[in-house]
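The values are calculated or read from the model by the stated rules, or taken from the named source; none is laboratory data. Computed from a prediction, not measured in an experiment: that's the story for all the values here. Glycine also receives a Cβ, built like all others from the backbone with ideal geometry; neighbour counts cover every protein chain displayed. We work out accessible area using only protein heavy atoms, side chains counted, and drop any ligands, DNA or RNA first. Shrake-Rupley method; radii C 1.70, N 1.55, O 1.52, S 1.80 Å.
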Amino acid sequence: MPGYLTKQETIAVAGVDDLEIRSLLDKQQFADPLGAAQRLGISPATWPLFGLLWPSGAHLAARVALRPVTAGERILELGCGLALASLVGHRRGADVTASDCHPLAAAFLRENLRLNGLLPMKYRHGHWGAPGGPLDATAAAPVMGEFDLIIGSDLLYERDADATLAGYIGLHAAPAAEVWIVDPDRGNRPGFNRAMDALGFVRGEQRLSVSLPVGADTLAAYKGRLLVYRRDLAAAGRLPN
């Protein structure tokens with residue numbers, strides 16, 4: 001990755017072969033000579049975050065590794081960053097589409113596919129703040145269609161008064177879709193829950209307290225939860241009560 005310091009790590013996820021992951025060396029890596037960050041609304045402070053491994057992403061990858069692969073099921077990862085969960089699903093033979101709004105996410109995904117000898121996988125531009133399509137002419141094609149499982153980790157990092165994330169999920173969720181969000185106890189979770197409820201999703205959650213050995217702060221106990229949303233078809237009027 002020209003202009004950036006990177007590192008390569010072997011990441012173990014139970015249920016799949018170890019993955020070789022290229023990531024940014026640290027949070028200090030930033031270069032935006034063409035102004036892509038500014039056009040996409042990404043600040044210098046948040047620019048490097050996509051390129052690091054995070055505990056929430058490891059928990060999501062671990063869940064994907066345990067999910068049976070079902071023929072015809074389409075999976076979408078939102079805000080994938082280094083796409084660890086997507087790579088796990090892809091390695092297991094699932095139909096996965098990774099998506100992010102960061103200009104470098106696709107390049108890092110291609111590199112990590114190469115490092116692991118994996119076939120190409122689908123990548124799309126996913127920007128729920130601008131669902132009409134990419135804000136940058138060089139970005140990948142936007143996310144299109146509906147998915148049976150939508151996943152993401154640490155997506156509730158900023159206040160979303162207009163419920164754009166929930167709306168984006170609703171736009172791309174199939175009628176009987178599940179949504180998995182691993183959240184490190186962000187304060188914006190209650191608002192997101194209300195927005196999902198308004199769209200006809202019912203919620204369950206599981207506390208997560210064991211740290212997984214990747215990324216930052218792995219020596220401290222993890223504090224977070226897995227949020228699982230399912231469409232309430234009867235409440236939405238699609239099925240009789």
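The GNM of the chain, with springs linking C-alpha atoms under 10 angstrom apart, assigns the highest mean-square fluctuation among GLU205, GLU158, GLU20 to GLU158. Taking the longest Cα principal axis of the chain as reference, the axis of helix 55-66 is set at about 60 degrees. The residues MET144, MET196, MET121, sorted by heavy-atom accessible surface at 1.4 Å with ligands and nucleic acids left out, run MET144, MET121, MET196 from largest to smallest.
Considering only ALA105, ALA195, ALA14, the mean-square fluctuation computed in a Gaussian network model of the chain, springs between alpha carbons under 10 angstrom, is largest for ALA14. Between the helical axis of 105-115 and the longest alpha-carbon principal axis of the chain there is an angle of about 70 degrees.
For a quick check of your reading of the filter: which chymotrypsin sites (Phe, Trp or Tyr not before Pro) in region 89-193 sit in a DSSP loop and have no more than 13 other Cβ atoms within 10 Å? When the chymotrypsin sites (Phe, Trp or Tyr not before Pro) of region 89-193 are filtered for loop state and at most 13 Cβ neighbours within 10 Å, nothing remains.
Once R0 is set to 45 Å, what does the formula 1/(1 + (r/R0)^6) return for the Cβ-Cβ distance between ALA107 and ASP232, expressed as a FRET efficiency to the nearest 0.05? With R0 = 45 Å, the Cβ-Cβ based efficiency is 0.70. The label point for ASP162 and the one for MET144, both projected 7 Å from the Cα toward the Cβ, are 2.4 nm apart. Once the Cα-Cα distance is subtracted from the 0.36 nm per residue extended length, the ASN116 to THR70 segment shows a gain of 14.3 nm. Farthest toward the positive end of the dipole of the chain, out of VAL64, ALA37, MET121, is the Cα of VAL64, where the dipole comes from beta carbon charges about the Cα centre. Close amide H contacts of ALA173 (hydrogens built in the peptide plane, cut-off under 5 Å, sequence separation of 5 or more or a different chain): PHE147. The base-10 log of I(q)/I(0) for region 59-128, evaluated at q = 0.15, 0.22 Å⁻¹, reads -0.43, -0.92 [Debye formula, identical scatterers on Cα atoms, solvent excluded].
Note on region 160-208 and region 48-105: Cα centroid distance 17 Å, given to the nearest whole angstrom. Per residue of the chain, the DSSP helices (runs of n ≥ 4 H) give a summed -39500 (n - 2.57) that works out to -6500 deg cm²/dmol at 222 nm. Taking all protein chains as shown and a probe of 1.4 angstrom, HIS90 keeps an accessible surface of around 40 Å². Rolled with a 1.4 Å probe across the full set of protein chains, the surface gives VAL69 an accessible area near 70 Å². Calculated on C-alpha atoms, the gyration radius of region 66-183 divided by its Kirkwood radius gives an Rg/Rh of 0.94. Residues LYS27, LYS223 ordered from highest to lowest accessible area at a 1.4 Å probe: LYS223, LYS27. In this Cβ point-charge picture (+1 for Lys and Arg, -1 for Asp and Glu), the chain has a dipole of about 240 debye about its Cα centre.
For the chain, what is the convex hull volume of its Cα atoms per residue in Å³? All intermediate terms of the calculation are to be shown ahead of the outcome.
On the way: hull volume 31.0 nm³, N = 241.
Residue-normalised Cα hull volume stands at 129 Å³.
Springs join every pair of Cα atoms under 10 Å in this Gaussian network model of the chain, and among PRO103, PRO190, PRO55 the largest mean-square fluctuation is at PRO190. Dipole magnitude for region 13-89: about 220 debye, using +1 per Lys or Arg Cβ and -1 per Asp or Glu Cβ, origin at the Cα centre. Between ASP18 and ASN188, the contour length at 0.36 nm per residue exceeds the Cα-Cα span by 57.9 nm. Compared with the dominant principal axis of the Cα atoms in the chain, helix 189-198 is inclined by about 40°. Each 5 Å bin, from zero up to the one with the longest distance, holds this percent of the alpha carbon pairs of region 1-63: 4, 16, 22, 21, 15, 12, 8, 3, 0. Look at the alpha carbon pairs under 8 Å that are at least 6 residues apart: their mean separation over the length of the chain gives a relative contact order of 17 percent.
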